[in-house]
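Worksheet: the structure to be examined is printed underneath.
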Amino acid sequence: MLGLPSIPAFCLRPRDLRRGAVLTLAFIAAVGTAAGTGCWDRADAHGAAGSGLTAAGTQYPAAAPETSREPGTADREAVARAAAEAVAEGKSGKKAAQEEVSRSGDRWGMVYDRGEYAAFTADLDGRWTGVGLWTARRPDGRIDVDRVQPDSPAARAGLRAGDRLLSIDDHDVTGLSVAEVVTLLRGDAGTPVVLHLTRDGADLTETLRREQLHTESVTVRELPGGITVIKVASFTRGSGERVRAAVRAAPPGTGFMLDLRGNPGGLVTEAVTAASAFLDGGLVATYDVRGAQRALYAGPGGDTASPLVALVDGGTMSAAELVTGALQDRGRAVAVGTRTFGKGSVQMPTQLPDGSVAELTVGTYRTPAGRSLDGNGITPDLAAGDGVEERARTVLGGLGVGS
């Protein structure tokens, strides 16, 4: 992982997505609790920016003073006050805090209880216990299966994208947040969980057993003509160094496809490390935290000569957009595909009086050329829907690969 001792390692995280709320792409966790996230990598960041002890015993940076707050960001003090008042009245601090976040207009803000937050931080290793579902929360509150992990309990039971999830162990899930659904799906490996779903108007009931699951965040394959495809499914811990290792291992004359399609994001330190595989120092992104400007820089010694194409689509989000924007702005890669999602905001954690944790939006990040991606996304240099790899191969051929 790239050492950034003075820079917090944000995760840029989609939650109950409200883009029409199509995806709550959560790359990790049984149903995707915090996918695509831009979260602090506490191991790197807590010593740099101050620290506070979470309920799970993890250190994370203390939030910056509330100086200037942009529209669409929650007031940290108001959220903490709402939680404290609720706890004093014997009510749920988490629920009160989430209501305050919702009223603030912070569409990316989220409140986790102790167990949910501990599970999320553990999930950043790309391992979890569950049944292998990614879910999406629709605008009407319904919970749909968005994706199924191959060779998981859910896959073996025949569950598929588009199924509507109605209940988990008789708990109605309609209207719940994705994090709450994840909590219901969690449990010890080997324990059963009963899912009630509908598909095309027909009711389905499946009893699954939870398993220890794992996702490979980086896979590498070779195409004819001297092309190496590096697929990054998510930026979990260690993924950035795996990208660098793949680049170093490629033979001279190789052309690269960096496939970021469907990548919901992850640890920003890992994203910067991945970008460093193709850069020799220099700016990767800037970001602000309540008006204070910061910068992220690539490490030295990356491959700056081999032809490179970045493959992107509407599922390319947050930290994955940061990488794409950096490579595109610095003239290092040709982006091929469709417009990316457009999640460019930064969240920071705040511990609440009852031990829950609120992750609140505090600012946005920009590409080296100063583009804000939040709500805009990245327009590829070459548009391609179907046949993206073929289009990318043509581009690489024009850059001398295989000639």
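The values are calculated or read from the model by the stated rules, or taken from the named source; none is laboratory data. Keep in mind it's a predicted model, so treat the numbers as computed, not measured. No Cβ is skipped: glycine too gets one built from the backbone with ideal geometry, and neighbour counts run over all protein chains shown. Note: accessible area is taken over every heavy atom of the protein model, side chains too, but ligands, DNA and RNA are not part of it. Shrake-Rupley method; radii C 1.70, N 1.55, O 1.52, S 1.80 Å.
The residues of region 122-156 that are within 18 Å of His214 (Cα to Cα) and either among the polar types (S, T, N, Q) or over 19 Å from the mean Cα position of the chain (by Cα) (or both), listed by number, are Thr129, Val131, Thr135, Gln149, Pro150, Asp151, Ser152, Pro153, Ala154, Ala155, Arg156.
Within region 210-223, restricting attention to residues that are free of Cβ contacts under 8 Å to residues at least 60 places away in the same chain and of a type outside the set (A, V, I, L, M), the residue that is least open to solvent (accessible area, probe 1.4 Å) is Thr219. Somewhere in region 260-272, is a residue on the phi < 0 side of the Ramachandran plot and either open to solvent by 10 Å² or more (accessible area, probe 1.4 Å) or free of Cβ contacts under 8 Å to residues at least 12 places away in the same chain (or both)? Within region 260-272, one or more residues are on the phi < 0 side of the Ramachandran plot and either open to solvent by 10 Å² or more (accessible area, probe 1.4 Å) or free of Cβ contacts under 8 Å to residues at least 12 places away in the same chain (or both). With respect to Thr364, is the statement that it is buried (at least 20 other Cβ atoms within 10 Å of the Cβ), in a strand (DSSP E or B) and among the hydroxyl-bearing types (Ser, Thr, Tyr) true? It is true that Thr364 is buried (at least 20 other Cβ atoms within 10 Å of the Cβ), in a strand (DSSP E or B) and among the hydroxyl-bearing types (Ser, Thr, Tyr).
Scanning region 100-121 for residues that are open to solvent by 50 Å² or more (accessible area, probe 1.4 Å) and over 15 Å from Glu180 (Cβ atoms) yields a total of 2. Considering only residues in region 73-132 that are of a type in the set (A, V, I, L, M), in a loop (DSSP other than H, G, I, E, B) and out of contact with any Gly (no Cβ under 7 Å at 6 or more places or on another chain), the one that is nearest to Glu216 (Cα to Cα) turns out to be Leu124.
If you go through region 358-403 and keep only what is touching a Gly at 6+ places or on another chain (Cβ under 9 Å) and free of Cβ contacts under 8 Å to residues at least 40 places away in the same chain, you end up with Ser372, Asp374, Gly375, Asn376, Ser403. Looking across Val268, Val284, one residue alone is β-branched (Val, Ile, Thr), within 17 Å of Tyr365 (Cβ to Cβ) and at pLDDT 95 or above. It is Val284.
Scanning region 315-333 for residues that are surrounded by fewer than 20 Cβ atoms within 10 Å (Cβ to Cβ) and either without any contact (Cβ under 8 Å) to a residue 24 or more places away in the chain or among the β-branched types (Val, Ile, Thr) (or both) turns up just one, Gly331. Checking the structure you have, find out if any residue of region 368-378 is surrounded by fewer than 24 Cβ atoms within 10 Å (Cβ to Cβ) and aliphatic (A, V, I, L, M). Within region 368-378, one or more residues are surrounded by fewer than 24 Cβ atoms within 10 Å (Cβ to Cβ) and aliphatic (A, V, I, L, M). Among the numbered conditions (1) open to solvent by 10 Å² or more (accessible area, probe 1.4 Å); (2) out of contact with any Ser or Thr (no Cβ under 8 Å at 6 or more places or on another chain), the only one that Leu185 does not meet is (1).
Filtered by the rule that a residue be of a type in the set (Gly, Ala, Ser), within 20 Å of the chain's Cα centre (by Cα) and surrounded by 20 or more Cβ atoms within 10 Å (Cβ to Cβ), region 336-358 gives Gly337, Gly344, Ser345, Ala358. Regarding Val312, is this residue open to solvent by 10 Å² or more (accessible area, probe 1.4 Å), closer than 19 Å to Leu396 by Cβ and among the β-branched types (Val, Ile, Thr)? Answer is no for this residue.
The set of residues in region 194-209 that are surrounded by 12 or more Cβ atoms within 10 Å (Cβ to Cβ) and under 17 Å from Asp151 (Cα atoms) comprises Glu206, Leu208, Arg209.
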